[in-house]
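Since the structure comes first, as structure tokens, the remarks are kept for the end.
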Amino acid sequence: MALPAPLLEIIAAIITYTAPSQWCQAFFAIATITALSVQLIPKASQSLLLDYGPRATQAKHGAPGDRTDWLYTSVRLVTAVQVPHSWFNHFYAASVAASAFWAYQYFAGRSLLLAIITKQAAVEGPSMGKEQVWLVWSLMALQGGRRLFECFYVMKPSRSKMWLGHWALGLIYYLDMSVAIWIEGSRSLLHSEADTAVSSRFSTSQLVGIAIFTTGWLQQHKCHQYLASLKKYTLPEQGLFRHIVCAHYTCECLVYGGLAMAAAPSGRWFNRTLICGLWFVVVNLGSTAHGTKKWYSEKFGEARVAPKWKMIPFIF
């Protein structure tokens, strides 16, 4: 059945007048709202959606009362399709491949990137400089490359499973992020003369962002090396883990927070598209950190875990 003409006109208008950066922001916003919404459903169903690895065992069995609950039954059916947790490496492979793909599109003058930056430049406000675009592009490639390296050469192989939805969401996130890092620099990428209108010097916010990214990048690698050295299901208690339950998540937030500042267009402190991506990272990893602290408390005793922050010192 055909859609009503007024509805088709609305859809066409949305597609025509929505900037590419707004599409990126919309995905991050929807993903963030979805992650927050999961916190509102009963714990048993919530665990099915969020928990994986050792924390997923109890969620799969549930309490006797949960098994007759329609929501729990529905969620359990939806989350029944599981994939190996090792598929996490697909995220970083996709990130590196996407960074290379868009670089090829630019240097080869291909039509897909040209169409995107042309549409964005027509409605864009302040733009990132071209040198700034390539810096942030390189930083994102470094993050994806390091994480891919860690998956194969640092982290221990895992036999645990995760829900297919987690895998799909993560894959889309990294593909979206591969566009988000340069989309607000479309005018500079499109017009070489735009370079003269945007200072090649980095602003204070951009320099701070680079420093934050570098700190998070280096510390996260140390965290992953330390986690890989532990025996299975051991409480991490060295380095940043002395004070933070999920210190590697803290570093992830620093990485994307740093990118959002380093990619700030002229006159701004943050890149709006990347800030939307950062909010998703904070909410998504924050949910996992909350569950991790609870599981640690049950397994190792509340006295050893309670004094620690979950992910963000002095806040959460």
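The values are calculated or read from the model by the stated rules, or taken from the named source; none is laboratory data. Predicted model, so just to flag it, every value in this text is computed and none were measured. Cβ: placed from backbone, ideal geometry, glycine included. Neighbour counts: every protein chain shown.
The residue of the stretch 161-214 that is surrounded by the most Cβ atoms within 10 Å (Cβ to Cβ), among those that are outside any helix (DSSP H, G or I) and at pLDDT below 85, is Val198. Considering Tyr226, Tyr233, the condition of being over 20 Å from His166 (Cα atoms) and either touching a strand residue (DSSP E or B) at 6+ places or on another chain (Cβ under 9 Å) or not in a helix (DSSP H, G or I) (or both) is satisfied by Tyr233 alone. What single numbered condition from (1) part of a helix (DSSP H, G or I); (2) surrounded by fewer than 24 Cβ atoms within 10 Å (Cβ to Cβ) fails to hold for Arg268? Unmet condition: (1).
Applying the set (1) within 20 Å of the chain's Cα centre (by Cα); (2) surrounded by fewer than 17 Cβ atoms within 10 Å (Cβ to Cβ); (3) in a helix (DSSP H, G or I) to Val255 leaves exactly one unmet item: (2).
Residues of the stretch 86-110 that are aromatic (Phe, Trp, Tyr) and under 21 Å from the mean Cα position of the chain (by Cα): Trp87, Phe88, Phe91, Tyr92, Phe101, Trp102. May I ask you to verify whether Ala303 is of a type in the set (A, V, I, L, M, F, W, C), assigned to a helix (DSSP H, G or I) and without any contact (Cβ under 8 Å) to a residue 24 or more places away in the chain? So Ala303 fits the description; yes. Per the conditions (1) without any contact (Cβ under 8 Å) to a residue 60 or more places away in the chain; (2) farther than 21 Å from His166 by Cα; (3) of a type in the set (Ser, Thr, Tyr), the sole criterion not satisfied by Tyr296 is (1). Taking each residue of the stretch 104-132 that is over 17 Å from Thr18 (Cα atoms) and in contact (Cβ under 8 Å) with a residue 40 or more places away in the chain and looking for partners that are of a type in the set (Asp, Glu) and part of a helix (DSSP H, G or I) with beta-carbon atoms closer than 7 Å, six or more apart or interchain, yields Gly129/Asp195; Lys130/Asp195. Among the residues of the stretch 256-291, the one identified as in contact (Cβ under 8 Å) with a residue 60 or more places away in the chain, β-branched (Val, Ile, Thr) and more than 14 Å from Ile312 (Cα to Cα) is Thr273.
The helices (runs of 4 or more DSSP H) located wholly in the stretch 54-154 that include 2 or more residues which are of a type in the set (Lys, Arg) and at pLDDT 90 or above occupy 130-153. Residue pairs whose Cβ atoms lie under 6 Å apart, sitting 6 or more positions apart in sequence or on different chains, and linking a residue in the stretch 141-156 that is farther than 15 Å from Tyr226 by Cα to a partner that is part of a helix (DSSP H, G or I) and among the hydroxyl-bearing types (Ser, Thr, Tyr), are Ala141/Ser99; Gly144/Tyr92; Gly144/Ser95; Leu148/Tyr92.
Okay, residues lined up against (1) of a type in the set (A, V, I, L, M); (2) more than 21 Å from Ser203 (Cα to Cα):
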residue	(1), (2)
Leu259	yes, no
Pro265	no, no
Leu274	yes, no
Asn284	no, yes
Phe300	no, yes
Met311	yes, yes
